[in-house]
Amino acid sequence: MKIVEKAKIWFGISLAVMIIGLIMGLVQGLNFGIDFTGGTMMQIDLGKSISVSEIKEVLSPFQLNEDILHAGDKNQEIIIKTKKALNTDERQRIFEAFQKKYHLKDDALRQAEQFGPSMGKEIQKKALLSVAIASLGMLIYISSRFEFRFGLAAVIALIHDVFIVFALYAIFKIPLNSSFVAAMLTIVGYSINDTIVVFDRIRENLKYMKKKDYAMLVNNSIKQTLTRTINTSLTTLMAIVTLYILGVESIKEFSLPLIVGIGVGTYSSIFIASPLWLIFKDFKSRKMAKFRMN
C-alpha cells in the first residue's frame, strides 16, 4: 500500500475541491440560512402533528422558501422560518390559511416576529473563535504528547476538513445555518480522534524502525490502523445516515454536515495528516544532514 508516495495526488484533489468551492462561493455566493441573514419567524399551534409536506402545501401560494420545524411535546406546533421580511398583514394572511384549513382559534398563533442578521454575525464570530481555540489546544496537546510536527500536521488536516466541507456546501448550494456550525464543531473533535490513532501507531513504530525509511513506516502504520479507522467511520455513518433518513428537518440539518464531515475527516486522517508529517520529518532530516555537511 503506497499512500504517502502519492501525496501530490491527495493534496491536488483537496486543493481542487477548495478552489472550485471558492470560485462557486464568489460567483453565486454561499447559501446562508435564516440564522445568518435574518427574516421572519412564526410559531403556530396546530393541535396535532402535521407532516412537513402538508405544511408546505399550505404555504406554497406565499412562495416563502421556508424552513419548517416541529415543536411542542407531541410535535403539534410548527415553527416557520423564512428569509423574507414579512409585515404584519402578510403574517396574518399566512396564519389565516392555517386557521381556515385546521379550524384554529386566534390564540393558536403563538408568536410571529422579524429578526435581523445580528445573531448570525455573533454565531460566526463565536464559531471561528471556537475553532481557533480548539486548534490551538489540540496543537499544544499533540505537541506535548507526541512532537510539534505531529501537532502541526494534525491541525493543518483539521483546517483542511473545515475548508473542504465549506467548499462542498458552496458547490452544492446547501444552506448554512446554526446547525451547520454546531456540526462543524463536532467534526473538529471527531476528525482529530482518527488522526491521533494513526499518529500513535507511527510513534510506536518509530521505536522499532531499523532503517530511516519514513515513507515505509507511515504506509505500514496507516495499513495497521486502516481497518479500525474504516470500521469506526462506517459505524458512526450508519447511525447518522439513519437519523438523516428518519429524522425531522432539524435533525437532518444537523446530520448532513456530520455525514460530510466524517467522510472528509476519515479521508484527511489517512491521506492528508500522515503525508504532511512525513514532509515535515523529511524536511528536518535534510536540514540536519545539510548542517552536518557544513
Could you look at region 39-115 and say what percent of its accessible area is carbon and sulfur, using a 1.4 Å probe and all protein chains? 42 percent
Any lysines with Cα under 23 Å of the LYS56 Cα? List them, leaving off those in the same chain fewer than 8 positions away. LYS48, LYS74, LYS81, LYS83, LYS84, LYS100, LYS101, LYS105, LYS173, LYS252
For region 140-206, the Debye formula with one identical point scatterer on each Cα and no solvent gives log10 I(q)/I(0) at q = 0.16, 0.21, 0.26 Å⁻¹ as -0.61, -0.86, -1.11
Rounded accessible area per residue of the chain, 1.4 Å, Å²: 55 Å²
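Take the Cα pairs of region 51-178, get the Kirkwood Rh, then feed it into Stokes-Einstein at 37 °C and 0.692 mPa s and tell me D in µm²/s.
D, rounded to a whole number, is 176 µm²/s.
Just flag the chymotrypsin sites (Phe, Trp or Tyr not before Pro) in region 193-230 sitting in loop per DSSP whose Cβ has no more than 13 other Cβ atoms within 10 Å.
Here the chymotrypsin sites (Phe, Trp or Tyr not before Pro) that fit, given the DSSP loop and packing criteria, are TYR208.
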Suppose every Lys and Arg Cβ carries +1 and every Asp and Glu Cβ carries -1, with no other charges. What dipole size does the chain come out with about its Cα centre, to the nearest 20 debye? 2060 debye
Among LEU59, GLN114, MET41, whose Cα projects farthest towards the positive end of the dipole of region 39-115, with charges put on the beta-carbon of Lys, Arg (+1) and Asp, Glu (-1)? LEU59
Calculated Rg and Dmax of region 27-99 using C-alpha coordinates, Å: 12.8, 44
Residue-wise, which Karplus ³J(HN,Hα) couplings in Hz belong to region 184-191, taking 6.51 cos²θ - 1.76 cosθ + 1.60, θ = phi - 60°, and x for glycine or proline? 5, 5, 5, 4, 4, x, 5, 4
Report, largest value first, the span of the C-alpha coordinates of region 110-257 along each principal axis, in whole Å. 71, 32, 26
Expressed as cubic angstrom per residue, what is the convex hull volume of the alpha carbon set of the chain? 157 Å³
Debye-sum result for region 77-130 in log10 I(q)/I(0), which assumes one identical scatterer on each alpha carbon, at q = 0.16, 0.29 Å⁻¹: -0.61, -1.22
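Considering every Cα-Cα pair within region 173-219, what fraction, in whole percent, is farther apart than 11 Å? The partial results should precede the final answer.
Numbers: 789 of 1081 pairs.
Result: 73 percent of Cα pairs exceed 11 Å.
The values are calculated or read from the model by the stated rules, or taken from the named source; none is laboratory data. What you are looking at is a predicted structure, and each value in this text was computed from that prediction instead of being measured. Glycine also receives a Cβ, built like all others from the backbone with ideal geometry; neighbour counts cover every protein chain displayed. For the accessible areas, the whole protein counts, side chains as well, though only heavy atoms, and no ligand, DNA or RNA atoms are used. Shrake-Rupley method; radii C 1.70, N 1.55, O 1.52, S 1.80 Å.
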